[in-house]
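Report on the structure given below.
The values are calculated or read from the model by the stated rules, or taken from the named source; none is laboratory data. If you're wondering where the values come from, they're calculated on a predicted model, not measured in any experiment. Note that each Cβ is placed from the backbone with ideal geometry, even for glycine, and that neighbours are counted across all protein chains shown. Side chains are part of the model used for accessible areas, which takes the heavy atoms of the whole protein and leaves out ligands, DNA and RNA. Shrake-Rupley method; radii C 1.70, N 1.55, O 1.52, S 1.80 Å.
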Amino acid sequence: MRVHQTKLEIRTTGRGFSNVTAAVEAAVRESGIVTGLCSVFIQHTSASLVIQENADPAVLRDLGRFFADLAPDTRDWEHDDEGPDDMPAHAKSALTRSSESIPVVRGRLGLGTWQALYVMEHRARAHTRCLVVTVQGE
Amino acid sequence: MRVHQTKLEIRTTGRGFSNVTAAVEAAVRESGIVTGLCSVFIQHTSASLVIQENADPAVLRDLGRFFADLAPDTRDWEHDDEGPDDMPAHAKSALTRSSESIPVVRGRLGLGTWQALYVMEHRARAHTRCLVVTVQGE
Amino acid sequence: MRVHQTKLEIRTTGRGFSNVTAAVEAAVRESGIVTGLCSVFIQHTSASLVIQENADPAVLRDLGRFFADLAPDTRDWEHDDEGPDDMPAHAKSALTRSSESIPVVRGRLGLGTWQALYVMEHRARAHTRCLVVTVQGE
């Protein structure tokens, strides 16, 4: 068994979803690992990871609105140092994922047909987000 | 260290919880791994994984109602190609888990006394759901 | 590659957040593993894990209130054997994490600058919570 670790930098465009499947898939290919696990970790608490449908863009729009209603900017948050989009970003991160573990099957990410991995940017403005991809297996 | 990977097919009965602990435990036993990690991944975005109490069935009923209220079928979802239970299924998947990592301790799943792993089916009708179980350790 | 597994007992003080980063970091150091993955698992369904901002304590207060509003004690829960804080604890666990996987980078937890790992106690009273830390890598 071996371990292969890569850091990825993802430029988001403000609130919304960035499909990072191809970038993570490239790290898996680079590792040469055929059977194992690919763990993706995001080093932030105002952006997060989520696996979602890759087909209809309306799914992502619905999800964005759904989370905006769950944790609205207009709530009376105590922590608002960086503006009204600061604390809802932390709340949405708590509700989604900081890490995601995807099996490596025959040298590729073992995602289902309709699955993609997204970075969900919760801040209003564009950010550069760091992911650590750790592939383990043989 | 070794890696052992198995695919499980779980037949759900529509909205609700299927306890998959025994099936995953069997994959761990089969692996012969004594100390390590068992990662379970669900290859769908309208069903998900959750670890919950295994004792009182009222917990699962409460959880079902709780998530139905958080992401109701009656919300004005844009994505409704497959019916009113389509988009709430994606929302509930985003709120729970696509992957779960459980330690392997002395050749068994290191769950707490009251824990079980469930597939949470979010669609109204029965589905066959694919899980990939990856056990790594020694 | 090697695997190193440790059990940690964390004493919570009732509802709120316990920063367990230093304890998990100690387990990583003890493992001697330089590159790999550290998986943390909580053996309970009424306390959970979350990675959050480590700087402003107001973030944790906001998060506590946010989850209390999402899953209030006053909701008409069916499962209330252990009191009004019983079932909301399970709901909040379902919404946050039972396991978290953090990369090990140069022998340390590869967290971002502002990240810490917390046990989120959902029960009103203090509890002892068991974590299993599994470090894999080389």
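Between A:ARG106 and B:ALA26, the modelled labels are 2.4 nm apart [label points 7 Å from Cα along Cα→Cβ]. Among the trypsin sites (Lys or Arg not before Pro) in the range A:2-110, those located in a DSSP loop and surrounded by at most 10 other Cβ atoms within 10 Å of their own Cβ are A:ARG106.
Here the chain B residue lying nearest the rotation axis onto A, judged by its C-beta and given with the distance in whole angstrom, is B:MET1, 3. Contact-buried residues of the range B:94-138, at a threshold of 50 Å² lost accessible area versus the chain by itself: B:ALA94, B:LEU95, B:ARG97, B:SER98, B:SER101, B:PRO103, B:GLN115, B:GLN136 (1.4 Å probe; DNA, RNA and ligands ignored).
Dividing the summed -39500 (n - 2.57) terms of all DSSP H runs of n ≥ 4 by the residue count of chain B sets its mean residue ellipticity at 222 nm at -8000 deg cm²/dmol.
A 1.4 Å probe over all protein chains sorts A:THR134, B:THR21 by accessible area into B:THR21, A:THR134, starting with the largest. For B:GLU82, the point set 7 Å out from Cα toward Cβ sits 3.6, 3.6 nm from its twins in the other copies, listed from shortest up.
Cross-link list A:LYS92/B:LYS7; C:LYS7/C:LYS92; B:LYS92/C:LYS7: which exceed 29 angstrom alpha carbon to alpha carbon? Provide the component values of the computation, followed by the final result.
Values: A:LYS92/B:LYS7 31 Å; C:LYS7/C:LYS92 23 Å; B:LYS92/C:LYS7 31 Å.
The pairs that break the limit, which is 29 Å between Cα atoms, are A:LYS92/B:LYS7; B:LYS92/C:LYS7.
With its label point defined 7 Å out from Cα along the Cα-to-Cβ axis, C:ARG29 lies at 4.1, 4.1 nm from the matching points of the other copies, in increasing order.
Of the accessible area of chain B, with the probe set at 1.4 angstrom, what percent is carbon plus sulfur?
Values: 2420 of 5080 Å².
The computed percentage sits at 48.
The largest-to-smallest principal axis extents of the Cα set in the range B:1-56 are 38, 27, 15 Å. Out of C:SER31, C:LEU8, C:VAL59, whose Cα points farthest toward the positive end of the dipole of the range C:7-85 (charges: +1 Lys, Arg; -1 Asp, Glu; placed on Cβ)? About the Cα centre, the residue reaching furthest to the positive side is C:SER31.
Run the label-point distances for C:ALA126 please: 7 Å along Cα to Cβ, every other copy, nanometres, shortest first. With the label placed 7 Å along Cα→Cβ, C:ALA126 yields 5.1, 5.1 nm. Relative to the longest principal axis of the Cα atoms of chain A, helix A:57-70 runs at roughly 50 degrees. Residue by residue along C:33-42, Cβ atoms of other protein chains within 10 Å of the local Cβ number 6 on average. When chain B is treated as a GNM with alpha-carbon contacts under 10 Å, the residue of B:ASP86, B:ASP62, B:ASP73 showing the greatest mean-square fluctuation is B:ASP62. Could you calculate the FRET efficiency of B:ALA55 with A:ALA124 from 1/(1 + (r/R0)^6), where r is the beta carbon distance between them and R0 is 41 Å, rounded to 0.05? Plugging the Cβ-Cβ distance into 1/(1 + (r/R0)^6) gives 0.40. Shielding by partners for peptide A:72-79, expressed as the average number of C-beta atoms from other protein chains within 10 Å of each residue's C-beta, is 4. Between the range A:49-117 and the range C:33-71, what is the separation of their alpha carbon centroids in Å? Here the two parts' Cα centres lie 16 Å apart.
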